1. Looking at (1) farther than 27 Å from A:A276 by Cβ; (2) surrounded by fewer than 19 Cβ atoms within 10 Å (Cβ to Cβ); (3) more than 21 Å from the chain's Cα centre (by Cα), which is the one condition that is false for A:P151?
2. So if I check each of A:T113, A:T82, which one is out of contact with any strand residue (DSSP E or B) (no Cβ under 7 Å at 6 or more places or on another chain), away from chain B (no Cβ under 11 Å) and of a type in the set (V, I, T)?
3. Here are some residues: A:G126, A:G162. Which one is at pLDDT 95 or above and either surrounded by fewer than 23 Cβ atoms within 10 Å (Cβ to Cβ) or of a type in the set (G, A, S) (or both)?
4. Run down A:D261, A:D214, A:D292, A:D300 and say which single residue is within 14 Å of chain B (Cβ to nearest Cβ), acidic (D, E) and touching a residue at least 12 places away in the same chain (Cβ under 8 Å).
5. Considering only region A:192-207, I want to know if a residue exists there that is within 14 Å of A:R146 (Cα to Cα), more than 14 Å from every other protein chain (Cβ to nearest Cβ) and touching a helix residue (DSSP H, G or I) at 6+ places or on another chain (Cβ under 6 Å).
6. Need the failing condition index for B:R235 against (1) within 14 Å of chain A (Cβ to nearest Cβ); (2) in contact with a strand residue (DSSP E or B) (Cβ under 8 Å, 6 or more places away or on another chain); (3) under 16 Å from B:I306 (Cβ atoms), just the number.
7. Being at pLDDT 80 or above, of a type in the set (A, V, I, L, M) and part of a loop (DSSP other than H, G, I, E, B) is the filter; apply it to region B:1-53 and report the residue that is nearest to the chain's Cα centre (by Cα).
Number of protein chains: 2
Amino acid sequence: MGEFELIRRFFAAAPCAQAGEAVALGIGDDCALLNISAGEQLAVSTDTLVVGVHFPLSCDPFLLGQRALAVAVSDLAAMGATPLAFTLALTLDTAEPAWLHAFAAGLSQMAQTCRMALVGGDTTRGPLSLTLTVFGRVPVGQALTRSGARPGDLLCVGGVLGDAAGALPLVLGQREAPADQAEPLLRQYWSPLPQLELGELLRGKATAALDISDGLLADCGHVARASAVALQIEREQIPLSTALRLFAGEAATDCALAGGDDYVLAFTLPEEHLVAVQAQWPAMQVIGRVLDGQGVQLVDGNGQLITPPRTGYQHFGNTDD
Amino acid sequence: MGEFELIRRFFAAAPCAQAGEAVALGIGDDCALLNISAGEQLAVSTDTLVVGVHFPLSCDPFLLGQRALAVAVSDLAAMGATPLAFTLALTLDTAEPAWLHAFAAGLSQMAQTCRMALVGGDTTRGPLSLTLTVFGRVPVGQALTRSGARPGDLLCVGGVLGDAAGALPLVLGQREAPADQAEPLLRQYWSPLPQLELGELLRGKATAALDISDGLLADCGHVARASAVALQIEREQIPLSTALRLFAGEAATDCALAGGDDYVLAFTLPEEHLVAVQAQWPAMQVIGRVLDGQGVQLVDGNGQLITPPRTGYQHFGNTDD
């Protein structure tokens, strides 16, 4: 099956390919054409997922499609951008219709959730991997970068952390759990919901933001470096789900600190905006503060420094990337 | 080496990463931010190259970097778009500094040639492959699609065809050739120059355009289908280089018809614009005409139908994709 036929057959007719006003020309020509309004900038991000590194070969193609797009769109949320469109570069060993059908359905469902159109792509033969490039729009000057955090700002997160890292032994089939624990953890792993509304809400309020993909400590390190400040995290303030507490016990906080794959926003917020943001996004939690200095400090309830767990995200099945 | 460090070390400091006015925010945050002027649309295209499919593992990383970007940017030329920026998703088995250095240098050189900035990317561990997503800008309503060809238009190409297909036995080490044949053929294979100025020149003149990547016959088939017309190609009018004629002999025309990888524009042009385009792009050649009907016809000097060679591009090392 040729590249064009493959794309047309499984993706072009999918609901996610329906063009909105912003999409002047979709799939099928040399380029897609997007309209950007005056006063807006285009936000762009690219993510690759590789079989055996980011997901197992045996994984459900519907869930893979859903998750791949969610992970990519999370970068738009982190920027305060409104989703517009995406392209998919799909490398496949074999063009298996049942697999493609399910993958396209998962992708399509997440595209509808995020209100974005598939506008182009490329299919090639090779070991399974996906590269998604996502496009969003954001008013000029209002994008949430990593570099604006100022001493005195509150350090906040958009919801509970650690569920996806907690789910990893379940994904890998290394452990089992009762349904009331396994289901919410696996749902968070396979179908994270990009916090797009929160990102839009934080425009003009948050001084810095990113989405937590590498783990809270590592990602706070990125903000601290980009903003040339220190971030202090109070360990007891980190929000955790009941399912994770039950499943992971004392290791639950470490899942949040050093895990990854949360796709929850972390942001720094001047105190004057706290009430307004909390009113519209009750799941948010203040977990610390921005200080003069550099790096990330973890403290207990008494403000005493704690040695953090080993940081950095471990890709699925990999230990050194 | 982590993803961020890898990108920063080899690409962020490269000249191609220097931001122009259009790049509001480059590498290093969750998204890049691009400015699009009022009255312009964004053109977007994605291409993937996989080791063993599109290039040999042993290939020179400088040439690979150069070629990968040229191939992707050619889609912007085909749309009449002016290049703006690109993202790179790089999947690597090992992060070999010498390889990365040379690859980044090749990429960077082509980026400077095309005046575009690297604005983001992703690096992952896995079998070597590259996905480039390129961005350009084009005045609203002036993009060159595949669907506007009308009976009576001339069918034209932007220069000689078949050199890259002719070079394939040299790339694969299956044949040797004297330097005066090998050098120009290999240069066209490894360093095709996207016909950006031609694409811009054709805005408001050509009724359809694309870049020849699958071979002249297959690509003319795409235009014929999208425009619901027939395209007639006069075999004797297809421009061929001296190097290809010497190296491939009687097979030279078949390299042009059924080969691929030319990255030369094919376009349909109302006769009234011929003189103006020819004056500014003397390498162009009229090779046929748009007719009522469907499909692609190949004719000899007397207008007699000729059976075309087997069409469709064969990926490097592959016979069935």
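1. (1)
2. Answer to the selection: A:T113.
3. Values: A:G126 fails: at pLDDT 95 or above.
From the options A:G126, A:G162, the qualifying one is A:G162.
4. Values: A:D261 fails: within 14 Å of chain B (Cβ to nearest Cβ); A:D292 fails: within 14 Å of chain B (Cβ to nearest Cβ); A:D300 fails: within 14 Å of chain B (Cβ to nearest Cβ).
Matching residue, one of A:D261, A:D214, A:D292, A:D300: A:D214.
5. Yes, region A:192-207 contains a residue that is within 14 Å of A:R146 (Cα to Cα), more than 14 Å from every other protein chain (Cβ to nearest Cβ) and touching a helix residue (DSSP H, G or I) at 6+ places or on another chain (Cβ under 6 Å).
6. (1)
7. B:V53
Residue by residue, here is whether (1) without any contact (Cβ under 8 Å) to a residue 40 or more places away in the chain; (2) touching a strand residue (DSSP E or B) at 6+ places or on another chain (Cβ under 6 Å) holds:
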residue	(1), (2)
A:A149	no, yes
A:L155	no, yes
A:G159	no, no
A:G166	no, no
A:L170	yes, no
A:R175	yes, no
A:D180	no, no
A:L185	no, no
A:P192	no, no
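The values are calculated or read from the model by the stated rules, or taken from the named source; none is laboratory data. The shown structure was predicted, so the numbers you read here are calculated from the model rather than taken from an experiment. As a convention, Cβ positions derive from the backbone with ideal geometry for all residues, glycine included, and neighbour counts pool all protein chains shown.
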